[in-house]
Amino acid sequence: MKSKTLEILQRDAKVIAKSMYIRFYPMAIEDGEDVTVRDADGKEYLDFLGGWSVAGTGHRHPKVVQALKKEIDKLLFNSFTSFSNETTVKLAEKLVNITPGNFSKKVWFGLTGSDANDCVFKLVPYYKKRSRFLSFVNSYHGQTMGSLSLSGHKSQSAFVGFSNVVKVPYPYCFRCPFKQEYPKCDIYCIDYIEDYVFKTYCYPEDIAGLIIEPIQSDGGDVVPPDGYMNKLVKLCKKYDITFCADEVKVALGRTGKMFAVEHWNVVPELITLGKPIASGMPLSSCVGKSEILDSKPGSHLFTLSGHPLSCAAALATIDVIENEGLVKNAEKMGQALRRRLEELKEKYEIIGDVRGRGLILGVEFVKKLETLEPASLEVAKICYRAWQLGLILGYVGMFSNVIEITPPLTINQKHVDSACEVLEQAIKDVKAGKVSNSEIDKYSGW
């Protein structure tokens with residue numbers, strides 16, 4: 001029987017630019033519903049990647065679909081750059097109300113997380129009349145030139161970004177670049193910024209802003225230790241540096257809080273949103289201090305920004321998250337999932353670390369815990385085998401050795417149990433040599 005999936009992939013290879021994708025296994029998705037997707041041949045998969053956290057409300061949530069149908073009957077398109085629209089304004093009002101901070105706020109809209117972080121990159125230095133920006137090693141803020149410049153991810157190392165960004169180490173305690181041990185270190189990585197970076201090659205009076213992922217997602221699902229974020233905000237306030245949070249991947253309930261920064265009770269002056277905000281419709285946002293976002297009128301606009309269909313989907317998405325208990329469910333199911341993953345860690349030496357908050361979890365695989373040598377090839381094979389067994393996963397990290405788990409926030413205990421059973425079987429099968437090197441040669445992932 002001929003495979004429609006393989007036929008699509010063969011056509012794909014002839015006409016789609018390789019620069020626009022990363023692949024982990026040969027799959028073409030035909031349709032999806034809630035926590036499952038089906039390929040072009042009708043095979044069903046449990047989706048524990050969620051389109052890199054886009055599917056927060058699950059695939060095709062009925063309320064989101066209904067909102068889109070209602071909006072499309074009114075208006076297919078509006079260029080918000082020149083004409084206002086009530087749906088877009090309603091969403092802005094909602095975001096102003098739910099994001100952290102009691103100061104005067106406004107909202108900027110774009111199409112993807114990259115352009116939201118580009119907004120930060122452009123406007124903060126303009127507003128502050130300072131030229132430099134601080135960001136973090138292994139960070140991922142996007143693919144446009146401004147967001148790429150802010151990033152420190154290996155996937156972008158082939159490109160030279162703008163020179164005004166200075167990158168400092170992220171608090172990756174499992175692989176501390178300073179060979180320190182938390183909490184004995186007293187969060188030395190921030191002392192390093194003040195005592196070394198600020199006194200040698202990047203004076204604080206030249207720094208307009210600092211941008212951080214509260215959980216460094218594509219960098220390996222790294223969670224800062226307790227006390228880090230508060231100490232970082234204190235440093236920013238001391239030197240009048242604008243504190244910005246990139247929550248493109250982790251906002252809107254994913255971590256068990258509506259916004260990840262709420263875990264540390266810190267308030268960013270600007271916060272960027274994307275991926276899950278409209279349940280898969282193209283939309284991004286930067287929410288924050290009015291004086292920053294108003295500082296240069298007409299300076300960061302796109303014809304399709306604030307598209308009424310995307311904004312209608314976003315309003316429905318937020319309504320579902322708030323009224324169907326998805327934030328609480330993310331916390332509860334995240335705890336259950338982490339317990340199961342910790343049990344796997346005890347059974348298999350190849351699992352070096354399990355970390356995360358809510359329903360963004362990272363499982364780091366190592367060949368030897370003593371040396372922390374990354375098990376990159378093994379992770380690629382485990383993800384491939386899990387896909388063969390009906391579970392969609394992906395991998396991230398500095399060494400491509402961290403399996404990222406970001407399922408829809410609608411999952412239940414049965415889904416958790418099924419996913420962990422498949423993951424364990426995949427580990428066993430890879431250990432037994434059931435996945436060859438040649439099978440994954442075409443799929444480089446990160």
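The values are calculated or read from the model by the stated rules, or taken from the named source; none is laboratory data. Values in this document were obtained by computation on a predicted structure and should not be read as measured data. We place every Cβ from the backbone using ideal geometry, glycine too, and count neighbours over all the protein chains shown.
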Reported set for region 238-282 where residues are in contact with a Leu (Cβ under 6 Å, 6 or more places away or on another chain), part of a helix (DSSP H, G or I) and in contact (Cβ under 8 Å) with a residue 60 or more places away in the chain is PRO276
Could you figure out which of (1) in a helix (DSSP H, G or I); (2) in contact with a Lys or Arg (Cβ under 8 Å, 6 or more places away or on another chain) isn't true of GLY56?
(1)
Whether any residue in region 28-45 is assigned to a helix (DSSP H, G or I) and not hydrophobic (A, V, I, L, M, F, W, C) is what I want to check.
no
Which residue pairs have Cβ atoms closer than 8 Å, lie 6 or more positions apart in sequence or on different chains, and pair a first residue in region 378-391 that is crowded, with 22+ Cβ neighbours inside 10 Å with a second residue that is charged (D, E, K, R) and outside any helix (DSSP H, G or I)?
ARG385/LYS434
Residue check: is LEU91 in contact with a Phe, Trp or Tyr (Cβ under 7 Å, 6 or more places away or on another chain) and surrounded by 14 or more Cβ atoms within 10 Å (Cβ to Cβ)?
no
Looking at (1) modelled with pLDDT of 95 or more; (2) within 19 Å of the chain's Cα centre (by Cα), find the lone condition where TYR384 falls short.
(2)
So which residues in region 20-73 are farther than 30 Å from SER438 by Cα and either of a type in the set (D, E, K, R) or in contact with a Cys (Cβ under 8 Å, 6 or more places away or on another chain) (or both)?
GLU33, ASP34, ARG60, LYS63, LYS69, LYS70, GLU71, ASP73
Unique residue being assigned to a loop (DSSP other than H, G, I, E, B) and buried (at least 24 other Cβ atoms within 10 Å of the Cβ) when the list is GLY209, GLY219:
GLY219
Could we say that ALA330 is touching a Leu at 6+ places or on another chain (Cβ under 7 Å), buried (at least 23 other Cβ atoms within 10 Å of the Cβ) and assigned by TED's automatic domain parsing to the domain that holds GLU93 here?
no
